Amino acid sequence: MISQELLDNLRCPLNPSRTRLRLEDDHLLCERCALRFRIKDGFPVLVAEEAELPAGCHSLADLPCQREGKT
């Protein structure tokens, strides 16, 4: 179980200054890009390449937080 204190300090590694993660079932969900990070043995695995992509995204480059400012 992840404590609320730890959860309050966790951020998405792709945009740590602007994003928060929320606990949803057995994973952490980025509130901005919807990446799903698994929790293994009580520890969040915040490796973007191992996260589950949201529907409609085929790679990390497709995420809204990665496309912004690249036009």
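Here are the numbers for this structure:
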{"read-out": "Stretchable slack from residue 1 to residue 60, in nm (0.36 nm times residue separation minus alpha-carbon distance)", "value": "18.5 nm"}
{"read-out": "Local net charge near residue 20, Cβ-Cβ under 11 Å (Lys/Arg +1, Asp/Glu -1)", "value": "+2"}
{"read-out": "Label-point separation, residue 45 to residue 22 (7 Å along Cα→Cβ), nm", "value": "2.4"}
{"read-out": "Gain in span if fully extended, residue 9 to residue 67, counting 0.36 nm per residue against the direct Cα distance", "value": "18.4 nm"}
{"read-out": "Within the accessible area of the chain (1.4 Å probe), percent carbon and sulfur", "value": "48"}
{"read-out": "Heavy-atom accessible area per residue - the chain, 1.4 Å, Å²", "value": "68"}
{"read-out": "Cα gyration tensor category, rounded, prolate or oblate, for region 1-51 with a/c compared to 1.5", "value": "oblate"}
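The values are calculated or read from the model by the stated rules, or taken from the named source; none is laboratory data. All of these numbers come straight from a predicted model, not from anything done at the bench. Here the Cβ is made from the backbone with ideal geometry for all residues, glycine too, and neighbour counts use every protein chain on show. Ligands, DNA and RNA are stripped out before the accessible areas are found, and what is left, the full protein with its side chains, is counted by its heavy atoms. Shrake-Rupley method; radii C 1.70, N 1.55, O 1.52, S 1.80 Å.
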